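The values are calculated or read from the model by the stated rules, or taken from the named source; none is laboratory data. Since the structure is predicted, the reported quantities are computational estimates derived from the model, not experimental observations. Using ideal geometry, Cβ is built from the backbone for each residue, glycine included, and neighbour counts are taken over all protein chains shown. Heavy atoms of the whole protein, side chains included, go into the accessibility calculation; ligands, DNA and RNA do not. Shrake-Rupley method; radii C 1.70, N 1.55, O 1.52, S 1.80 Å.
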Amino acid sequence: MLASPTGYAAPTTLEDALDLLAADPDNTIIAGGTDLVPGVRAGRQTPGLLVDLRRLPLDHITAERNDVRLGARVTFTDVLESSVLAAEYPALVTAAADIGGPPIRNRATLGGNLVNASPAADGAPPLLVYDASVVLAGLSGRREVPLLGFFERPGHTVLQPGEILIEIRVPRPAGSTVSSFVKLGPRNAMAIAIVNAAIRVDLDHAGGVRQCRIALGAVAPTPIRALEAETLVVSQGLTPETIARAAAEAARATSPIDDLRATADYRRRMVEVLVQRLLTGSAAELKPGNGHG
Amino acid sequence: MAELSLRVNGTTHQVKTDPCRMLLSVLREDLGLTGAKEGCGQGDCGSCVVILNGRAVNSCLVYAGQADGAEIVTIEGLAEGEVLHPLQQSFIDRWAFQCGFCTPGMLMTAYGFLLETPHPEADEVRKAISGNLCRCTNYANIVAAVVAAATGGPQP
């Protein structure tokens, strides 16, 4: 017999949603349902009352002076259609295009992707390289948490019982910067990543690397940053030799497992290939005369 | 139990049901609209796709309660009486189906896609149907049928 939710509610205020969540530990938020419904069908999740976020104003993408704020209910289709995101967060837009297929993207939300906390979440590496933070709302108030540190282990985040992720905030990149994302999967759509990766490189006024971010998914219990690889690029620049060493260093930052999609060994090798590819691409894009700066 | 208001193919239905049933089940069993199919029940195959508030969605992933007050278009709503929608006619003309099981979902995905991209290239159509599986054809006739429907005939 399939597990079924015990009831459904669509509150009209955040406070009502929080009250409903607090009423019973089995009460569960639903947004797009693209992870929850398969989970319920497979018996992995047994929600009590479904608390639907659809009537809450959480689908904004607004550009503030210092950051862009995305409501938790922003779908991956919304991400693809946003001119703000296309201009400043290309890695996030690329990731959105690589998730599921169009009917999934029309329902699946950014907030849900993060809270579901799959190590392979495609929304995570881009948001990590953009230094995103998430706003968590509870009955006792709100807190803002850096996305780095939000994920604890597969399926688990720092979200406390009764808390709802309501917004993702992404600082606006400044100056000369490039970023990109790649997903390696068993096929081009409707697949969970074998490895996914995002990078971001910021240059200073002299053309040296000011900052580098390398984020990897599906190669550890949570999405991770490859900190030593990043430091290498900042200190040595984007030469072919440094890129090769940084890619190898990134592979060493991982702790992948063998699973039905790939072996740990394959994942390590692919991290090296993909990071090298992304860094080489960013070096080319940052060359003077290539429209950056 | 809940009283749900579903506007389906232009007609508003008041449906009294468990809001935790899937929309696919309500469409098929309560409203007799059996065009949408359950191929996998988990959003992987696309045979259940309908238009919900203007967007193609897997109806097997939508709880009925989530569709309360929504505007829904199913395959039964494409034709106008005996006059087939250009997409349907194009599928017939170009042999874009064999067993027909994937076809309602495929057509609704295409319909939703053309609302957003009225004049697509073939590669865009291929991406648009990436959430719809077909076990009979090689997809090529489907892609050609969607492109052809978009370039001729009235807009959806």
Note, A:L14: beta-carbon cut-off 14 Å, +1 each Lys/Arg, -1 each Asp/Glu, net -3
Highest to lowest packing among B:105-111, A:209-215, A:199-205, scored as the average C-beta count within 10 Å: B:105-111, A:209-215, A:199-205
Using a 1.4 Å probe on protein heavy atoms, which residues of region B:41-68 have at least 50 Å² less accessible area in the complex than alone? B:R55, B:L61, B:Y63, B:Q66
Packing-based order for A:129-137, B:57-65, using average beta carbon neighbours within 10 Å, highest first: B:57-65, A:129-137
Expected unfolding gain across A:T239-A:R252 under the 0.36 nm per residue rule, minus the alpha-carbon gap, is 2.7 nm
If R0 = 60 Å, then B:M1 and A:E64, at their Cβ-Cβ distance, give a FRET efficiency to the nearest 0.05 of 0.85
Rounded if a/c is under 1.5, else prolate if a/b beats b/c, else oblate: with a ≥ b ≥ c from the C-alpha gyration tensor eigenvalues square-rooted, which is region A:52-137? rounded
So how do B:116-127, A:73-84 stack up, highest first, on mean other-Cβ count within 10 Å? A:73-84, B:116-127
As a test of the formula, what do you get for chain A when each DSSP H run with n ≥ 4 contributes -39,500 (n - 2.57) and the sum is divided by the residue count, at 222 nm and rounded to the nearest 500 deg cm²/dmol? -9500 deg cm²/dmol
What is the mean number of Cβ atoms from other protein chains located within 10 Å of the Cβ atom of each residue in peptide A:21-32, rounded to a whole number? 1
Everything considered on the Cα gyration tensor (a ≥ b ≥ c; rounded for a/c under 1.5, else prolate if a/b is larger than b/c, else oblate), chain B must be described as prolate
Exposure of A:H156 as accessible area (Å², to 10), given a probe of 1.4 Å and all protein chains: 80
Accessible area in square angstrom per residue, region B:49-97, 1.4 angstrom probe: 40
Whole number in Å², please: accessible area per residue of region B:100-156, 1.4 Å probe, ligands, DNA and RNA not counted. 45
So, in nm, how far is label A:E285 from label A:R269 when the simple model puts each one 7 Å beyond its Cα toward the Cβ? 2.7
Go through region B:1-43 and name the GluC sites (Glu not before Pro) that are in a DSSP coil and have 15 or fewer other Cβ atoms within 10 Å of their Cβ. B:E38
At the nearest 100 Å², what buried accessible area, both sides summed, do you get for A and B when the probe is 1.4 Å? 2100
Mind checking A:33-42 for the average number of partner chain beta-carbons within 10 Å of each residue's beta-carbon? 5
In whole percent, how big is the carbon plus sulfur part of the accessible area of region B:53-155, probe 1.4 Å, protein atoms only? 53
In region B:76-107, what chymotrypsin sites (Phe, Trp or Tyr not before Pro) fall in a loop by DSSP, with at most 12 other Cβ atoms inside 10 Å? B:W95
Average other protein chain Cβ within 10 Å of Cβ, residues A:163-175: 0
Excluding ligands, DNA and RNA, what is the solvent-accessible area per residue of region A:195-262 at a probe of 1.4 Å, expressed in Å²? 43
Give me the percent of accessible area attributable to carbon and sulfur for region A:108-215, probe 1.4 angstrom. 50
Region A:75-131 versus region B:3-48: alpha-carbon centroid distance in Å: 28
Pulled fully out, how much extra length does the chain show between A:S4 and A:R55, if you take 0.36 nm times their separation in residues and subtract their Cα-Cα distance? 16.1 nm
By the Cα gyration tensor axes a ≥ b ≥ c (a/c under 1.5 gives rounded; else a/b larger than b/c gives prolate, otherwise oblate), the shape of region A:87-215 is oblate
Expressed as a rounded percentage, what relative contact order does chain A have, with Cα pairs under 8 Å and six or more residues apart? 14
